[in-house]
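First comes the structure, then the notes that go with it.
The values are calculated or read from the model by the stated rules, or taken from the named source; none is laboratory data. In this text, all values refer to a predicted model and were calculated from it rather than measured experimentally. Positions of Cβ are generated from backbone atoms using ideal geometry, with glycine treated the same way; all protein chains shown enter the neighbour counts.
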Amino acid sequence: MKRKTPRPRVDVNVEELDRIIDGARNAPLSEADSQKLKTALHALAERLLSQPKTGKTSAVFGDSETAAAEESQAKAEPVSGHGRNGATAYRGAKKIPIGHAKLAHGDRCPECARGNVYAQKEPKALVRIVGQAPLAATVYELERLRCNACGQVFTAEEPEGIGPEKYDETAAAMIAQLKYGSGIPFYRLASLED
């Protein structure tokens with residue numbers, strides 16, 4: 001049944017509808033009474049069709065055919081790959097290609113020993129998500145040695161590439177994103193850093 005344009009609001013008096021139905025047993029319906037019944041019926045049908053289905057049909061109507069169809073659907077094997085986001089949704093994810101341990105492109109098929117195996121266009125994608133703090137700190141503990149004769153202290157060299165700044169550019173960008181992009185106050189950022 002197709003939904004038509006919304007009809008104007010009609011106030012339905014149930015007692016009047018009962019009177020019309022009772023009167024229809026003795027005499028044919030007048031045009032006005034017929035129109036009232038038709039309007040009430042269409043309004044009821046629209047209302048029933050627009051309501052969300054919250055229960056199983058078999059529980060509501062007790063229909064054995066519907067119950068059998070629902071049982072067969074429930075027994076069907078679940079289809080894999082019905083997560084909310086597929087592998088292509090993670091555009092910023094680090095992609096690590098993993099080659100087959102025993103086979104290479106053009107090798108003989110180990111199952112039938114007649115054909116050759118060839119690489120597929122699309123690899124099988126496995127998405128693995130790990131939790132990570134918005135800010136991560138690395139503490140470099142530089143060994144210090146002290147001479148017991150002269151008191152001179154010798155400190156180990158800093159690793160290359162760590163830079164002189166305590167906060168990296170990526171940390172500043174993350175703090176700005178959390179504060180101004182997500183609205184997290186600075187005191188909560190401080191507790192995250194702790």
Would you be able to tell me the number of residues in the range 125-170 that are outside any loop (DSSP other than H, G, I, E, B) and farther than 19 Å from Lys94 by Cβ? 7
Thr57: of a type in the set (Val, Ile, Thr), modelled with pLDDT under 65 and surrounded by 10 or more Cβ atoms within 10 Å (Cβ to Cβ), yes or no? yes
Taking the range 140-170 and the residues there that are hydrophobic (A, V, I, L, M, F, W, C) and out of contact with any Ser or Thr (no Cβ under 9 Å at 6 or more places or on another chain), the one that is farthest from Ala190 (Cα to Cα) would be Ala149
Long-range neighbours under 6 Å by Cβ, at least six apart or interchain, first residue more than 27 Å from Ile175 (Cβ to Cβ) within the range 118-143, second among the aliphatic types (A, V, I, L, M) and assigned to a loop (DSSP other than H, G, I, E, B): Glu143/Ala156
In the range 100-139, what residues are surrounded by fewer than 10 Cβ atoms within 10 Å (Cβ to Cβ), under 30 Å from the mean Cα position of the chain (by Cα) and more than 30 Å from Ile184 (Cα to Cα)? Gln120, Lys121, Glu122, Lys124, Leu126
Only unsatisfied item for Pro8, checking (1) farther than 30 Å from Ala125 by Cβ; (2) modelled with pLDDT of 75 or more, is (2)
